[in-house]
Amino acid sequence: MSATDPAERLRGVSLRVTKQRTAVLHAVAQRPHADVEAVVRAVRSELGAVSTQAVYDILAALGEVGLVRRIEPAGSPARFEMRTGDNHHHVVCRRCGAVADVDCAVGERPCLTPAATNGFVVDEAEVTYWGLCPSCNEN
């Protein structure tokens, strides 16, 4: 099995392997930046009946162990991705809401150096770039 195998990933963080967790991981892997409703639709198409609350709970559990990352662009529902731990950023289309990854703004983690930290030890920066995606920019 490979490191991308959902069951192996779950075992690697000491989570019990279930059909629902495996289906959620598969859905997020196939749909980077998907919102909960898109994940629910994908899981239901794979398994049949599953509650929206169960998907929320699974996403929360997967986030706690670092298997998924939750992002929340302003004015958008929470979205989920499997690219974790590298402090990358995102670009969001103002018109259609498409989201894409942007590698670290400058240098290594935390990518940005604040003018003042007020005593905090900064280890991560979260940046969202806004603009128009290529499709919306043509219209």
Fraction of antiparallel bridges per DSSP, segment 20-139 only, in percent to nearest 5: 70 percent
Relative contact order for the chain, counting Cα pairs under 8 Å that sit 6 or more residues apart, in percent: 18 percent
Alpha carbon centroid spacing (whole Å) that separates segment 54-106 from segment 29-48: 14 Å
Qualifying chymotrypsin sites (Phe, Trp or Tyr not before Pro) in segment 35-121, DSSP loop, other Cβ atoms within 10 Å at most 10: 120
Full-extension gain in nm, residue 52 to residue 35, via 0.36 nm per residue minus C-alpha separation: 4.9 nm
Only Lys, Arg (+1) and Asp, Glu (-1) charged, at Cβ; segment 6-80 dipole about Cα centre in debye: 200 debye
Only Lys, Arg (+1) and Asp, Glu (-1) charged, at Cβ; segment 85-139 dipole about Cα centre in debye: 300 debye
From phi via Karplus (6.51, -1.76, 1.60), per-residue ³J(HN,Hα) for segment 72-78 in Hz, x at Gly/Pro: 9, x, 3, x, 10, x, 4
Options (1) 117; (2) 154; (3) 99 - which one matches volume of the Cα convex hull per residue in Å³ as calculated here: (2)
Longest segment of the chain lacking GluC sites (Glu not before Pro) that sit in a DSSP loop with at most 10 other Cβ atoms within 10 Å: 1-107
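Values quoted throughout were computed directly from the atomic coordinates according to the rules given, and no laboratory measurement underlies them. Computed from a prediction, not measured in an experiment: that's the story for all the values here. Neighbour counts are summed over all protein chains in view; Cβ atoms, including those assigned to glycine, are modelled from backbone coordinates with ideal geometry.
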